[in-house]
Amino acid sequence: MLWLVVIIILVLIVGTVAFYISTYNGMVKSRNWADESWSQIDVQLKRRNDLIPNLLSTVKGYAKYEQETFTKVVEMRNQLLEMPSDDRQATMAVSNQLSESLKSILSLTESYPDLKANAEYMKLMEELTNTENKIAYARQLFNSSATRFNNKIETFPGNIIAGAHNFQKTAYLSTPEVEKEVPKVSFD
């Protein structure tokens with residue numbers, strides 16, 4: 001009879017330890033997925049930053065009167081390059097501003113039809129558009145990964161293990177207020 005009690009206690013201890021390890025490892029995996037998805041954003045931001053000088057040098061010859069816009073884009077690009085990699089919210093805020101400024105450069109083809117005929121410009125524009133789309137997708141992936149991680153550390157019994165190991169909630173990337181505004185459409 002004593003041996004049966006010992007076996008039950010051992011099974012409970014082994015089961016509790018296995019559950020604890022499994023829960024902890026699940027939290028670590030979820031946190032790593034969130035970190036990896038952030039690194040995908042970082043890769044795309046770097047790719048965009050590498051495209052900007054080529055785009056600007058191509059456009060400058062056509063749009064000599066857009067110097068203020070070019071200067072603003074270069075300043076934001078440099079600011080983004082100098083940002084600490086762990087300040088995700090600030091990085092995305094500057095990135096969003098840069099995206100808005102790039103939209104004005106991409107719209108220059110309306111004012112400069114010769115620019116539209118430039119093959120290098122069109123290639124750079126396509127790459128930049130693809131990169132912007134990849135950044136948007138990576139942001140969605142990051143928020144999904146952050147949700148998965150946050151759910152694990154905030155729900156019972158994970159919240160107990162998360163508290164014991166100081167797991168911190170991951171902040172979501174939000175959409176800038178400017179992008180939430182309803183666009184004005186006019187057929188005049």
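State the number of residues belonging to the stretch 58-77 that are hydroxyl-bearing (S, T, Y), without any contact (Cβ under 8 Å) to a residue 60 or more places away in the chain and closer than 28 Å to Y137 by Cβ. Before the answer, list the steps.
As a first pass, look at the stretch 58-77 and keep what is hydroxyl-bearing (S, T, Y): 58, 62, 65, 69, 71.
Those still in the list that are without any contact (Cβ under 8 Å) to a residue 60 or more places away in the chain too: 62, 65, 69, 71.
Okay, now just the ones that are also closer than 28 Å to Y137 by Cβ, so 69.
Total satisfying the criteria: 1.
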So, in the stretch 1-54, of the ones that are under 17 Å from the mean Cα position of the chain (by Cα) and among the β-branched types (V, I, T), which residue ends up nearest to I135 (Cα to Cα)? I41
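Give the residue that is modelled with the highest pLDDT, with candidates limited to residues of the stretch 175-186 that are of a type in the set (V, I, T) and either assigned to a loop (DSSP other than H, G, I, E, B) or surrounded by 14 or more Cβ atoms within 10 Å (Cβ to Cβ) (or both).
Residue satisfying both the conditions and the ranking: T175.
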Single residue of the stretch 1-46 satisfying the filter (under 18 Å from Q168 (Cβ atoms) and of a type in the set (D, E, K, R)) that is surrounded by the most Cβ atoms within 10 Å (Cβ to Cβ): R31
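Output yes when any residue across the stretch 50-66 is loosely packed, with under 12 Cβ neighbours inside 10 Å and either more than 30 Å from K152 (Cβ to Cβ) or touching a Pro at 6+ places or on another chain (Cβ under 8 Å) (or both), and no when none is.
First pass over the stretch 50-66, keeping only residues loosely packed, with under 12 Cβ neighbours inside 10 Å: 64-65.
Applying the additional criterion that residues be either more than 30 Å from K152 (Cβ to Cβ) or touching a Pro at 6+ places or on another chain (Cβ under 8 Å) (or both) yields 64-65.
Checked against the condition, which is being loosely packed, with under 12 Cβ neighbours inside 10 Å and either more than 30 Å from K152 (Cβ to Cβ) or touching a Pro at 6+ places or on another chain (Cβ under 8 Å) (or both), the stretch 50-66 yields at least one hit.
Report, by residue number, each residue of the stretch 60-101 that is hydrophobic (A, V, I, L, M, F, W, C), part of a loop (DSSP other than H, G, I, E, B) and under 22 Å from D35 (Cα atoms).
Restricting attention to the stretch 60-101, the residues satisfying the condition of being hydrophobic (A, V, I, L, M, F, W, C) are 63, 70, 73-74, 76, 80-81, 83, 90, 92-94, 98.
This time we only want the ones that are part of a loop (DSSP other than H, G, I, E, B), so: 63, 83.
Once the filter is applied, which keeps residues that are hydrophobic (A, V, I, L, M, F, W, C), part of a loop (DSSP other than H, G, I, E, B) and under 22 Å from D35 (Cα atoms), the stretch 60-101 yields only M83.
For a quick check of your reading: which helices (runs of 4 or more DSSP H) sit entirely within the stretch 102-174 and have at least 3 residues that are in contact with a Ser or Thr (Cβ under 7 Å, 6 or more places away or on another chain) and either without any contact (Cβ under 8 Å) to a residue 12 or more places away in the chain or surrounded by fewer than 20 Cβ atoms within 10 Å (Cβ to Cβ) (or both)? Give the steps one after another, and end with the answer.
Details: elements: 113-116, 119-154, 158-164.
The qualifying helices (runs of 4 or more DSSP H) are 119-154.
The values are calculated or read from the model by the stated rules, or taken from the named source; none is laboratory data. Keep in mind that this is a model prediction, so the values were computed, not measured. Cβ: placed from backbone, ideal geometry, glycine included. Neighbour counts: every protein chain shown.
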